[in-house]
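Worksheet: the structure to be examined is printed underneath.
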Amino acid sequence: MALVCLTDFEEYAKEHLSKATWDYYAAGADECCTRDDNLLAYKRIRLRPRVLRDVSVSDTRTTVQGTEIGFPVGIAPTAFHCLAWHEGEVATARATEALNTCYITSTYSTCSVEEIVAAAPGGYRWFQLYVYRDRKLSEQIVQRVEALGYKALVLTVDVPYTGKRRNDIRNQFKLPPHLKVKNFDGVFQQETGAPEDYGIPANTLDPSISWKDVYWLQSITRLPIIIKGILTKEDAELAVEHGVQGIIVSNHGGRQLDGGPATIDALSEIVDTVQGRIEIYLDGGIRTGSDVLKALALGAKCVFIGRPAVWGLAYKGEEGVREVLQILNDEFRLSMALSGCRNVAEINRNLIQFSRL
């Protein structure tokens, strides 16, 4: 049977991945309230379509950080793609290159940054970064990705500690022995049985990370810095003041603080505060083309998908990721046209009303 929407891919992945792998990808923190609300929040938003607008020609192209992409949906940084498909991030990179959009490569990739570039040399890529207690580790990976032609750094700021994901604890989730966090292969001389945090020795991430580390990062790279994990207008203002080039409104797919807002609900106050001074993106809960339209109407420049990319991998590797992206592109184009928008520039907040339900 043909898979015609992202939910079909989700159901396929749930049936075909091992329970521990499915639970890892699906996990939210604690009671999963924020994870689930990322989805439900879109259903509370209604569109106000305009008609008789001549939508015989439509254009989904946009730009991010000055680079044109085919449509405003990219791949969010997600770990361990080789758990879903043997080629892992290499397949994801080729799919995003084929559809001319942005792929944010995760620090926690099961393919190295070099392998990803070799697989899709023409692809447009950013690199997602954590700050480690050993700053040299972070500095070395920044130098590697800058030399490889990655176009921006995405600093994830919502993980001073890892959220409590109950099923991962119940399953005693670990990377299988044949897989590694490839970007740090050989860096950590891990003793057998020593505590791990998703493939890296426990307590490697630095909980003392603060705004001053943004300045430190700016001192070691010329790449634009985008901060991922902002949910409030106060932090959005601080991001602008610290000279970053973008914000990804994100709650880590509901995997960190449970009880925080859905990202689409946090978006408006951040857009109103930033006032166009830097670009704002969003991840979390995107499942249809109309979700993309709603996020853009509320001020996001581009959205990023995490779990759906993994479902595509689980279905058919590179081809599956391409299908997921193509479905979202087609649905977005159709939602635009049915709402009376011929191009991305015509999408604005007048399209939106909030349900009273």
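Counting only other residues whose beta carbon sits under 12 Å from that of Lys14, what net charge do I get with K and R as +1, D and E as -1?
Working: positive: Lys19, Arg307; negative: Asp8, Glu10, Glu11, Glu15, Asp23.
For residues surrounding Lys14, the net value is -3.
Residues considered: Arg50, Arg165, Arg94. Largest GNM mean-square fluctuation over the chain, using C-alpha springs under 10 Å, is found at Arg50. By the gyration tensor of its Cα atoms, with a ≥ b ≥ c the square roots of the eigenvalues, what is the shape of region 68-220: rounded for a/c under 1.5, prolate for a/b over b/c, or oblate? Judged from the Cα gyration tensor, region 68-220 comes out oblate (a/c at least 1.5, b/c at or above a/b).
Where both partners of a DSSP beta bridge lie in region 6-356, what percent of those bridges are antiparallel, to the nearest 5?
Details: 9 of 36 bridges.
So the antiparallel bridges in region 6-356 amount to around 25 percent.
Once C-alpha pairs closer than 8 Å and six or more residues apart are averaged by separation and normalised to the residue number of the chain, the relative contact order reads 29 percent. Of the GluC sites (Glu not before Pro) in region 1-45, the ones in a loop by DSSP (not H, G, I, E or B) with at most 14 other beta carbons within 10 Å are Glu31. Calculate for the chain the 222 nm mean residue ellipticity that helices alone would give, adding -39,500 (n - 2.57) per DSSP H run of length 4 or more and normalising by residue count, nearest 500 deg cm²/dmol. Taking each H run of at least 4 residues, the total per residue is -12000 deg cm²/dmol.
For a paramagnetic label modelled on Ala20 (point 7 Å from Cα along Cα→Cβ), amide N atoms under 15 Å away belong, within region 61-101, to 83-84.
For the pair Ser58 and Asn348 in one chain, pulling the backbone fully straight at 0.36 nm per residue adds 102.8 nm over the alpha carbon distance.
Among Ile209, Ile305, Ile169, the residue with the largest mean-square fluctuation in a Gaussian network model of the chain, with springs joining Cα atoms closer than 10 Å, is Ile169.
State the Cα centre-to-centre distance between region 105-165 and region 220-298 in whole Å. The distance from the Cα centre of region 105-165 to that of region 220-298 comes to 19 Å. Note on Phe173 and Asp185: the model spin-label points, each 7 Å out from Cα along the C-beta direction, lie 2.3 nm apart. Checking the cross-link pairs Lys182/Lys233; Lys19/Lys301; Lys212/Lys294; Lys14/Lys151; Lys151/Lys182; Lys180/Lys316 against a 24 Å limit on the alpha carbon distance flags Lys182/Lys233; Lys19/Lys301; Lys212/Lys294; Lys14/Lys151 as lying beyond it.
Positive contributions from Lys and Arg (+1) and negative ones from Asp and Glu (-1), summed over other residues with Cβ under 12 Å from the Cβ of Val64, come out at +2. Protein heavy-atom surface of the chain, 1.4 angstrom probe: 50% of the accessible area is carbon and sulfur, with nucleic acids and ligands not counted.
Which whole-number value in Å² is the accessible area per residue of the chain, probe 1.4 Å?
Details: 15570 Å² over 357 residues.
Computed with neighbouring chains in place, this is 44 Å² per residue.
The GNM of the chain, with springs linking C-alpha atoms under 10 angstrom apart, assigns the highest mean-square fluctuation among Asn251, Asn38, Asn343 to Asn343.
Determine the shape class of region 28-116: with a ≥ b ≥ c the square roots of the Cα gyration tensor eigenvalues, call it rounded for a/c under 1.5, and otherwise prolate if a/b is greater than b/c, oblate otherwise. Since a/c reaches 1.5 but b/c is at least a/b, the shape of region 28-116 is classed as oblate.
The values are calculated or read from the model by the stated rules, or taken from the named source; none is laboratory data. Please read all numbers here as calculations on a predicted model, not as lab measurements. Virtual Cβ from ideal backbone geometry, glycine too; neighbours counted across all protein chains shown. The area values use the complete protein model at the heavy-atom level, side chains included, leaving out ligands, DNA and RNA. Shrake-Rupley method; radii C 1.70, N 1.55, O 1.52, S 1.80 Å.
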